[in-house]
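Colleague: My questions all concern the structure below.
A short reminder: the numbers here are calculations on the coordinates, not readings from a lab. Because the structure is a prediction, the values reported are computed rather than measured. Here Cβ is always computed from backbone atoms with ideal geometry, including for glycine, and neighbour counts include all displayed protein chains.
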Amino acid sequence: MDAVIATKIIEFIFEATGRYSIICDANGVIVAAKISSRIGCVHAGAQKMLREKLPDAMITLEQEEASGGAMKAGCNLPITHNGELIGSIGITGDPERTEPMTRLASGLISKELREREMLDILLANVAQMNRWITAIASIVERTNASQMKVTEEVDDVEQLIGDSFRDIEKTDEVIDTIQSIASNTQMLGLNASIEAAHAREQGRGFAIVAEAVRKLSIQCSEAAESVKATQSHLHASMSRVVDYSKELAANTHEQTKETTAISNMVVELKGVSEALMSVTRT
């Protein structure tokens, strides 16, 4: 028996009718009474009715008079809830008059208990929903943070690739210079070989050096071409990386917008759940 609900019913009966009443638990112990000194005492009549599962316990005005005031006229009825006997309620006065209001009060107690149970279930569900919302909000927050980090990293990659493109352009200039020098050196080596041939025996040593210079210039030119081809492939690959990075950044920005919207909705929903919890606790 809920003592808070029992006390509420006792006060309601007294305010509405001016009559005294008691509510007992399943053992016949008084849990609520207008006369507070009776709380905790055993009511013999209620205890007998509950133990023997009697439909009621009535004391008439004649019985009250015959007892010399030891007994008070009144009506005691059992209180059932969810098919179980949970206590009793008694209202003083002529049973013919008090029985209808006692039955009404008994039903009212059961109704209050059902409402309290439903409220407890609602509170539990709201609390669970609030925990879920809190967990979802935490996940969304971590997702947003992760997406922002990805966006920053993509921006860094684009910056690095941009710097690499500029380095490649500078390297291209150096390679062009090397190729120009190699070409000129090759022409000089060729001319030197021709002049050495004209000099015959006296130009033989010089001809060997000139040929070596010419071959070295050819190798330099070929190496420069190879580096240039490699850089061209690298440039194409990095261009694809840039395109992919830009697409990834765009998608990440879009996902961030969506998760931010979800986060805002979660915050609003959490506010609603907390407001609902506050209302149900009052």
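Colleague: Would you confirm whether or not segment 33-42 contains a residue that is surrounded by 16 or more Cβ atoms within 10 Å (Cβ to Cβ), in contact with a strand residue (DSSP E or B) (Cβ under 7 Å, 6 or more places away or on another chain), under 15 Å from Leu77 (Cβ atoms) and not charged (D, E, K, R)?
Modeller: no
So that you can scan it fast, the table gives a plain yes or no per residue for (1) part of a helix (DSSP H, G or I); (2) surrounded by 13 or more Cβ atoms within 10 Å (Cβ to Cβ):
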position	(1), (2)
Gly87	no, yes
Thr102	yes, yes
Glu115	yes, no
Ala135	yes, no
